[in-house]
Amino acid sequence: MSDPTPPPVQHLDLGAFELAGGHVLPGARLAYRTVGELNDARDNAVLLPHMYSGTSEFMTAFIGEGRPLDPTRYFFVLPDQFGDGVSSSASTQPPPYDRGSFPAVAVSDDVRAQHRLVTEHLGIERLAMVSGWSMGGQQTLEWAVRFPDAVARAVPFAATLRNPDHCSVFCDLHMDALRSDPAFAGGSYARSADVALGLRRHAQAFALMGATSHMYREEAWRELGFTSRDGFVQGFLQAYFLPMDPNDLLTQAAKWKASDVAAVTGGDLDAALARVTAEVTDVAFTGDLFFPPEDVRADAERIPGARYEEIGSVWGHFTMFNLRESDTAQIDEVYARVLG
């Protein structure tokens with residue numbers, strides 16, 4: 001963004017919010033930020049949901065005057081997903097649903113809450129675009145299926161209609177890494193810092209899967225100022241994850257693992273995709289080990305009228321961290337083509 005200060009967090013009180021799993025979350029809150037101005041026609045709104053471990057602030061990195069996501073042209077709504085530590089989460093919810101007792105939530109819960117924000121609170125009937133990366137991409141696809149009349153364009157990056165089996169195995173791995181720390185204590189730890197061993201193990205799993213083998217072969221971590229591979233793992237990934245709350249990460253990871261747009265049609269994927277009316281651009285990252293290009297391409301071939309694009313980078317799934325100017329440029333080019 002041209003303004004380095006992120007927009008303030010706002011909250012929508014959802015009251016007693018019924019979750020997809022059947023639990024009712026009392027006093028549920030959806031946090032969000034907005035950038036830009038809604039026009040008189042109320043047709044310039046863009047929703048940018050965020051990825052696993054992120055918050056709405058992360059998505060401001062793609063917004064800027066003179067860029068395709070221009071705040072002088074569009075009104076951006078940046079929601080926080082349940083479990084990110086800003087919206088209702090294990091780390092913020094009062095008893096009896098705090099810490100390890102926070103109920104399971106689904107990607108569809110995030111999207112239903114966002115739909116209330118967009119339609120009931122902000123008075124927007126149709127979004128010009130929904131776009132996000134990874135779990136933000138899962139939410140994007142859920143929007144296109146669950147609320148087809150409310151989405152003109154959907155641009156998921158590095159996400160699939162259903163979480164792939166190999167990706168579910170990885171989710172189990174990094175969830176078990178957190179739980180493996182004796183200090184985790186079934187989610188009843190006193191401080192997140194007490195689970196530092198589990199958080200480091202969790203970061204190590206992402207060091208293996210988040211980027212490509214080419215990144216390590218080329219030692220691209222040197223571009224970030226690190227002088228060794230271990231320094232990169234410690235100074236980038238461990239430093240990123242260590243301040244986070246393990247229960248919040250587990251809430252998000254369970255959502256990620258269970259993501260399936262066909263839930264709205266009782267598991268019938270063809271029926272779910274028949275609901276889609278948005279212009280869909282399905283984007284993969286070369287070498288992504290979570291959502292490989294072949295999986296994303298196969299999805300694009302099933303979605304009515306969808307277009308497939310692929311962004312090349314040694315950073316794989318981490319491409320959308322904007323670690324190289326060329327990565328940012330390719331992402332902007334996708335948005336420029338979609339928005340015109």
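For Ala190, state whether it is of a type in the set (Gly, Ala, Ser) and out of contact with any helix residue (DSSP H, G or I) (no Cβ under 8 Å at 6 or more places or on another chain).
Numbers: of a type in the set (Gly, Ala, Ser): yes; out of contact with any helix residue (DSSP H, G or I) (no Cβ under 8 Å at 6 or more places or on another chain): yes.
The answer is yes for Ala190.
Would you confirm, using the coordinates I've provided, whether Ala336 is under 21 Å from Leu69 (Cα atoms), in a helix (DSSP H, G or I), at pLDDT 95 or above and among the aliphatic types (A, V, I, L, M)?
Yes: the conditions hold for Ala336.
Given the conditions (1) in contact with a Pro (Cβ under 8 Å, 6 or more places away or on another chain); (2) polar (S, T, N, Q); (3) more than 20 Å from Gln252 (Cα to Cα), which single one is not true for Ser228?
So the condition that Ser228 fails would be (1).
Tell me, yes or no, whether the range 249-257 has at least one residue that is farther than 30 Å from Arg302 by Cα and modelled with pLDDT of 95 or more. Give the steps one after another, and end with the answer.
Our first condition is that a residue be farther than 30 Å from Arg302 by Cα; within the range 249-257, this holds for 249-250.
Still in the list and also modelled with pLDDT of 95 or more: 249-250.
Yes, the range 249-257 has at least one match.
Could you pull out every one of the strands (runs of 3 or more DSSP E) wholly within the range 5-76 that has 1 or more residues that are touching a Lys or Arg at 6+ places or on another chain (Cβ under 9 Å) and under 22 Å from Thr251 (Cα atoms)?
On the way: elements: 10-18, 24-35, 45-47.
It comes to 10-18, 24-35.
Determine whether Ala185 is more than 30 Å from Ile124 (Cα to Cα) and aliphatic (A, V, I, L, M).
Here the answer is yes, as Ala185 does meet what is asked.
Just to be sure, is Leu237 closer than 18 Å to Trp315 by Cα and in contact with a helix residue (DSSP H, G or I) (Cβ under 7 Å, 6 or more places away or on another chain)?
Considered against the rule, which asks whether it is closer than 18 Å to Trp315 by Cα and in contact with a helix residue (DSSP H, G or I) (Cβ under 7 Å, 6 or more places away or on another chain), Leu237 comes out as yes.
Conditions: (1) part of a loop (DSSP other than H, G, I, E, B); (2) out of contact with any strand residue (DSSP E or B) (no Cβ under 8 Å at 6 or more places or on another chain); (3) not aromatic (Phe, Trp, Tyr). Ser87 meets all but one. Number of the miss?
It is condition (2) that Ser87 fails.
Of all residues in the range 238-283 being free of Cβ contacts under 8 Å to residues at least 40 places away in the same chain, assigned to a helix (DSSP H, G or I) and small (Gly, Ala, Ser), which is nearest to Ala20 (Cα to Cα)?
Filtering first and then ranking leaves Ala271.
Just to be sure before I move on: is Leu269 among the hydrophobic types (A, V, I, L, M, F, W, C), modelled with pLDDT of 95 or more and under 21 Å from Met215 (Cβ atoms) in the structure I sent?
Numbers: among the hydrophobic types (A, V, I, L, M, F, W, C): yes; modelled with pLDDT of 95 or more: yes; under 21 Å from Met215 (Cβ atoms): no.
No: the conditions fail for Leu269.
I need a count of the residues in the range 210-235 that are within 14 Å of Leu289 (Cβ to Cβ) and surrounded by fewer than 18 Cβ atoms within 10 Å (Cβ to Cβ). Talk me through it step by step, then tell me what you get.
Here is the first cut: in the range 210-235, the residues within 14 Å of Leu289 (Cβ to Cβ) are 210-216.
From what's left, surrounded by fewer than 18 Cβ atoms within 10 Å (Cβ to Cβ): 213-214, 216.
Final tally of qualifying residues: 3.
Please go through the range 158-217 and pick out each residue that is under 19 Å from the mean Cα position of the chain (by Cα) and of a type in the set (S, T, N, Q).
Result: Thr160, Asn163, Ser168.
In the list Arg29, Arg73, Arg67, Arg33, which residue meets the criterion of being without any contact (Cβ under 8 Å) to a residue 40 or more places away in the chain and of a type in the set (Lys, Arg)?
Arg73
Here is a list of conditions, (1) farther than 20 Å from Ala274 by Cβ; (2) within 20 Å of the chain's Cα centre (by Cα); (3) surrounded by fewer than 24 Cβ atoms within 10 Å (Cβ to Cβ), and Val155 meets all of them except one; can you say which number that is?
Every condition holds for Val155 apart from (3).
The values are calculated or read from the model by the stated rules, or taken from the named source; none is laboratory data. Just so it is clear, the structure is predicted and the values come from calculations on it, not from any experiment. For neighbour counting, all protein chains shown are included, and Cβ atoms are generated from backbone atoms with ideal geometry for every residue, glycine included.
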